[in-house]
Amino acid sequence: MGEAILRGDGTVEYLKTYRLSAAQTRRAYLLKQLAQGGWSLERTAEHLKTTQDELIVRLRNAGFGYQLKEHVLKAAEARLARR
């Protein structure tokens, strides 16, 4: 990931690259998968070959728990704990 500033003739004037951490890469991957699934947890879980409950916990672990309604998160955690 990075940015570049090019001169009028197309040569590079400035180039800066950034290295993403493993956690940032996982978060970006989850967001991409959700977007491709139309932000549907069910479709995204199916595409990732996991359960919806596992996806919900994965989202929480990635730092997106605040995006989920509390009762949805608690129910998913409870169902997984009963396994």
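The values are calculated or read from the model by the stated rules, or taken from the named source; none is laboratory data. In this text the structure is predicted, and so the values were computed from the model without any measurement. Heads up, the Cβs are rebuilt from the backbone with ideal geometry, glycines too, and the neighbour counts pull from every protein chain shown. Only protein heavy atoms, including side chains, enter the accessible area calculation; ligands, DNA and RNA are left aside. Shrake-Rupley method; radii C 1.70, N 1.55, O 1.52, S 1.80 Å.
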Residue 53 versus (1) closer than 19 Å to residue 76 by Cβ; (2) among the charged types (D, E, K, R); (3) in a helix (DSSP H, G or I); (4) open to solvent by 50 Å² or more (accessible area, probe 1.4 Å): which is the lone unmet condition? (4)
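Does the range 2-25 hold any residues that are of a type in the set (Gly, Ala, Ser) and more than 21 Å from residue 63 (Cα to Cα), and which are they? Before you say what the answer is, go through the steps one by one.
Taking the range 2-25 first, the residues of a type in the set (Gly, Ala, Ser) are 2, 4, 8, 10, 21-23.
Result: 2, 4, 8, 10.
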Six or more apart or on different chains, Cβ atoms under 8 Å: show the pairs whose first residue is in the range 57-83 and of a type in the set (Ser, Thr, Tyr) and whose second is open to solvent by less than 40 Å² (accessible area, probe 1.4 Å) and modelled with pLDDT of 95 or more. none
Hey, residue 79 open to solvent by 100 Å² or more (accessible area, probe 1.4 Å) and part of a helix (DSSP H, G or I) or not: yes
Taking the options 20, 68, name whichever one is surrounded by 12 or more Cβ atoms within 10 Å (Cβ to Cβ) and not aromatic (Phe, Trp, Tyr). 68
